[in-house]
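Undergrad: This structure is in structure tokens; I'll ask about it shortly.
Values in this text are rule-based calculations from the coordinates and carry no lab data. Only a predicted model underlies this, so the values are computations on that prediction, with no experimental measurement involved. When we count neighbours, we look across all protein chains shown, and the Cβ atoms used for this are built from the backbone with ideal geometry, even at glycine.
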Amino acid sequence: MTINACEWEHLKKEAHEFKDKYLRSIAESENLRKRLHKERHDMTQMAVQSVVVDFLNPIDHMENALSYTDNMSDEVKNWAIGFKMILNQFKEVLANNDVHPFKSLGTPFDPHQHEAVEMIETQDVSPGLVMEENIKGYKMGSKIIRPARVKVSKKPAPKTEAPSEKGENQPETTSNN
């Protein structure tokens with residue numbers, strides 16, 4: 001069987017198109033696999049984040065309660081030791097999931113990391129610094145999962161003298177019309 005030049009060119013072109021479609025199909029398949037892997041990873045991270053965030057408030061409450069045990073009876077202190085061990089286990093679980101509190105005190109206020117609950121007028125520190133941390137902020141990796149609730153410094157308002165009332169020291173004058 002013989003093939004003329006026109007048919008040969010047509011077959012070469014067709015083979016090239018099939019090869020191109022095959023390579024595109026492989027690339028699309030690989031991209032789909034990568035996208036599905038990323039989506040699965042993101043969904044897992046979101047599920048872990050959701051559970052972790054639910055544990056942060058009870059952990060904060062336990063830390064707060066344990067901070068008051070120093071002046072308690074020996075029996076209460078012994079109980080507190082056990083609760084501190086449990087608290088440390090919770091913190092280890094958080095750390096194993098790349099969840100860590102971040103430092104806020106003394107840092108510039110950042111609306112992406114902080115939630116301002118109060119502004120404090122002061123000349124002791126420059127404006128816009130976090131002066132007090134009411135509730136710790138947490139990151140999961142580099143992502144903020146709970147902003148810190150903080151009090152932020154601001155410049156004191158300029159002092160203005162109270163306007164004196166007109167005629168305060170002067171007798172009232174009445175006009176008779």
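Undergrad: Short version: ³J(HN,Hα) in whole Hz for each residue of the stretch 81-86, in order, from phi by Karplus 6.51 cos²θ - 1.76 cosθ + 1.60 (θ = phi - 60°), x for Gly and Pro, what are they?
TA: Residue by residue, the stretch 81-86 yields 4, x, 5, 5, 5, 5 Hz.
Undergrad: Which order do the peptides 77-85, 106-114, 5-13 come out in when sorted by mean C-beta neighbours inside 10 angstrom, highest first?
TA: Values: 77-85: 12.4, 106-114: 14.4, 5-13: 10.0.
Listed from highest to lowest mean packing, they are 106-114, 77-85, 5-13.
Undergrad: If one takes the longest principal axis of the Cα atoms in the chain, at what angle in degrees, from 0 to 90 and to the nearest 10, does the Cα axis of helix 5-66 lie?
TA: 30 degrees
Undergrad: Mean separation of Cα pairs under 8 Å and 6+ residues apart, divided by the residue count of the stretch 100-157: what relative contact order is that in percent?
TA: Working: 134 pairs, mean separation 26.1, N = 58.
With pairs under 8 Å counted, the relative contact order is 45 percent.
Undergrad: At a threshold of 8 angstrom on Cα-Cα distance, excluding pairs fewer than six apart, so keeping six or more, what relative contact order does the chain reach in percent? All intermediate terms of the calculation are to be shown ahead of the outcome.
TA: Numbers: 161 pairs, mean separation 28.5, N = 177.
After rounding, I find 16 percent.
Undergrad: Give the dimensionless ratio obtained when the Cα radius of gyration of the stretch 100-157 is divided by 2.2 N^0.38 Å. List each step's numbers first, then the result.
TA: Numbers: Rg = 11.4 Å, N = 58, 2.2 N^0.38 = 10.3 Å.
Computed over Cα atoms of the stretch 100-157, the ratio equals 1.11.
Undergrad: Calculate for the chain the 222 nm mean residue ellipticity that helices alone would give, adding -39,500 (n - 2.57) per DSSP H run of length 4 or more and normalising by residue count, nearest 500 deg cm²/dmol.
TA: Working: 2 runs with 85 residues, N = 177.
It comes out at -18000 deg cm²/dmol, rounded to the nearest 500.
Undergrad: Checking the cross-link filter: which lysines have an alpha carbon closer than 21 Å to that of K12, excluding same-chain neighbours under 8 positions apart?
TA: K21
Undergrad: Under the rule of at least 5 residues apart or a separate chain, name every residue whose amide H is placed under 5 Å from the amide H of N134.
TA: Distant-sequence amide H within range of N134: R149, V150, K151.
Undergrad: Calculate how large, on average over all directions, the projected area of the Cα convex hull of the stretch 8-104 is; give the answer in nm² to one decimal. Intermediate results must be reported in sequence, preceding the final value.
TA: Numbers: hull surface 38.9 nm².
About 9.7 nm², averaged over all directions.
Undergrad: Still on this structure: Excluding residues fewer than 8 places away in the same chain, name every one of the aspartates and glutamates whose C-alpha is closer than 18 Å to that of K143.
TA: Here the aspartates and glutamates satisfying the reach criterion relative to K143 are E39, D42, D54, D98, D110, E115.
Undergrad: Let me ask something else. Residue farthest toward the positive end of the dipole of the stretch 4-83, with Cβ of Lys/Arg at +1 and Asp/Glu at -1: which of I26, H16, T69?
TA: About the Cα centre, the residue reaching furthest to the positive side is H16.
Undergrad: While we're here: Over the residues of the chain, compute the C-alpha Rg and express it relative to 2.2 N^0.38 Å.
TA: On the way: Rg = 34.3 Å, N = 177, 2.2 N^0.38 = 15.7 Å.
Dividing the Cα radius of gyration by 2.2 N^0.38 Å gives 2.18.
Undergrad: Would you order K139, K19 from fewest to most other beta-carbon atoms within 10 Å of each residue's own beta-carbon?
TA: On the way: K139 15, K19 10.
So the residues, fewest neighbours to most, are K19, K139.
Undergrad: Please state, as a whole number in µm²/s, the translational diffusion coefficient that the Stokes-Einstein equation yields for the stretch 1-50 at 37 °C and 0.692 mPa s, with Rh defined as the Kirkwood radius across alpha carbon pairs.
TA: On the way: Rh = 14.2 Å.
The diffusion coefficient I find is 232 µm²/s.
Undergrad: Using Cα centres only, tell me the gap between the stretch 25-52 and the stretch 58-109 in whole Å.
TA: Distance between centres, Cα-based: 34 Å.
Undergrad: Let me ask something else. What aspartates and glutamates does K154 reach when the alpha-carbon gap must be under 12 Å and sequence neighbours fewer than 8 apart in one chain are set aside?
TA: Reachable aspartates and glutamates: E118, E121, D124.
Undergrad: Also, quick follow-up: Counting other C-beta atoms within 10 Å, which of V130, V150 has the fewest, and how do the rest follow? The partial results should precede the final answer.
TA: Working: V130 22, V150 25.
Ascending number of Cβ neighbours within 10 Å: V130, V150.
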